[in-house]
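Participant: Quick one: this structure, given as structure tokens, is what I'll be asking you about.
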Amino acid sequence: MIIRPVREEDAASLQQNCFSANTFEQTAAMIPPAIDGLEHGESAMLVAEENGDVLGTCTVERLAHRMCRHRADIVGFVITPAAQGTGLARKLVDAANQRARDWGCSILEISCRGGTHAEDAYRGLGFRVWGRLPEGYRDRDQTFDEVLLWKPISPG
Ligand SMILES: CC(C)(COP(=O)(O)OP(=O)(O)OC[C@H]1O[C@@H](n2cnc3c(N)ncnc32)[C@H](O)[C@@H]1OP(=O)(O)O)[C@@H](O)C(=O)NCCC(=O)NCCS
């Protein structure tokens, strides 16, 4: 299993395993801007790949505001259900952490719906809650708090 930047040829596996609510076309369309962000910007869409299958992904982005350049945010974090709880989440966060450190960031951020497994997993990965917006998410007949978490990036 390796953690690496996303490639064009990942589209089908990424859609099937991680973004099954999206179409293949929607998933494929995410990849060129992600590659451009890696080459010319300060974002990195990472995948966990095993034998050609994408089992997980996250994107780490450095904040653009001049007063927030020391912060990076993890978004689009998904581990395929069969691979959850196997340590992939930690490997992806470690790789995101390394990217953010290379940009000179000192704070890594992430967010999720409160009360879900993601909140437990992010705490388990060392993130601490700094904000909670009650009923920040509405999903048909359900509401969730929006939970904001952070952890320090240790210097390399
Ligand atoms: C959120 C998600 C990416 C987390 O990945 P995961 O594989 O399920 O995470 P894990 O269960 O391995 O948990 C991560 C760590 O937290 C720990 N952990 C999990 N639940 C815990 C709990 N209740 N208490 C303490 N630690 C806990 C795990 O042991 C693990 O630590 P380890 O690497 O030392 O074993 C994954 O569940 C997922 O893709 N969910 C669906 C999509 C989603 O909700 N994405 C988030 C959108 S914000």
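The values are calculated or read from the model by the stated rules, or taken from the named source; none is laboratory data. Only a predicted model underlies this, so the values are computations on that prediction, with no experimental measurement involved. Note: ideal-geometry Cβ built from the backbone for every residue, glycine included; neighbour counts use all protein chains shown. Protein only, heavy atoms only, side chains kept; ligands, DNA and RNA dropped before computing areas. Shrake-Rupley method; radii C 1.70, N 1.55, O 1.52, S 1.80 Å.
Participant: Can you go through Arg62, Arg66 and tell me which one is more than 22 Å from Val129 (Cα to Cα), charged (D, E, K, R) and open to solvent by 30 Å² or more (accessible area, probe 1.4 Å)?
Facilitator: The conditions single out Arg66.
Participant: Here's a follow-up. Determine, yes or no, whether Ala118 is at pLDDT 95 or above, assigned to a helix (DSSP H, G or I) and near the ligand (Cβ under 6 Å from one of its atoms).
Facilitator: Answer is yes for this residue.
Participant: Restricting the first residue to region 141-156 and requiring it to be free of Cβ contacts under 8 Å to residues at least 12 places away in the same chain, which pairs with a second residue that is surrounded by fewer than 16 Cβ atoms within 10 Å (Cβ to Cβ) meet a Cβ separation below 6 Å and a spacing of at least six or different chains?
Facilitator: Here the result reads Thr143/Glu135, each pair linking region 141-156 to a residue that is surrounded by fewer than 16 Cβ atoms within 10 Å (Cβ to Cβ).
Participant: Same structure again: For residues in region 65-88 being part of a helix (DSSP H, G or I) and within 21 Å of Pro155 (Cα to Cα), which is farthest from the ligand (Cβ to nearest atom)?
Facilitator: Arg66
Participant: Now, a different point. Kindly indicate whether Thr86 is at pLDDT 95 or above and farther than 25 Å from Pro5 by Cα.
Facilitator: So Thr86 does not fit the description; no.
Participant: If you don't mind, another one. Given the structure, is Ala95 of a type in the set (A, V, I, L, M, F, W, C), open to solvent by 30 Å² or more (accessible area, probe 1.4 Å), at pLDDT 95 or above and more than 7 Å from the ligand (Cβ to nearest atom)?
Facilitator: The answer is no for Ala95.
Participant: Same structure, new question: For region 126-140, name all the residues that are loosely packed, with under 15 Cβ neighbours inside 10 Å, at pLDDT 95 or above and outside any strand (DSSP E or B).
Facilitator: Gly126
Participant: Would a scan of region 105-115 turn up a residue that is of a type in the set (Asp, Glu) and in contact (Cβ under 8 Å) with a residue 40 or more places away in the chain?
Facilitator: The answer is yes, given that some residue of region 105-115 is of a type in the set (Asp, Glu) and in contact (Cβ under 8 Å) with a residue 40 or more places away in the chain.
Participant: Taking into account only those residues within region 27-48 that are open to solvent by less than 30 Å² (accessible area, probe 1.4 Å) and within 16 Å of the ligand (Cβ to nearest atom), which is nearest to Thr86 (Cα to Cα)?
Facilitator: Going through the qualifying residues, I end up with Ala48.
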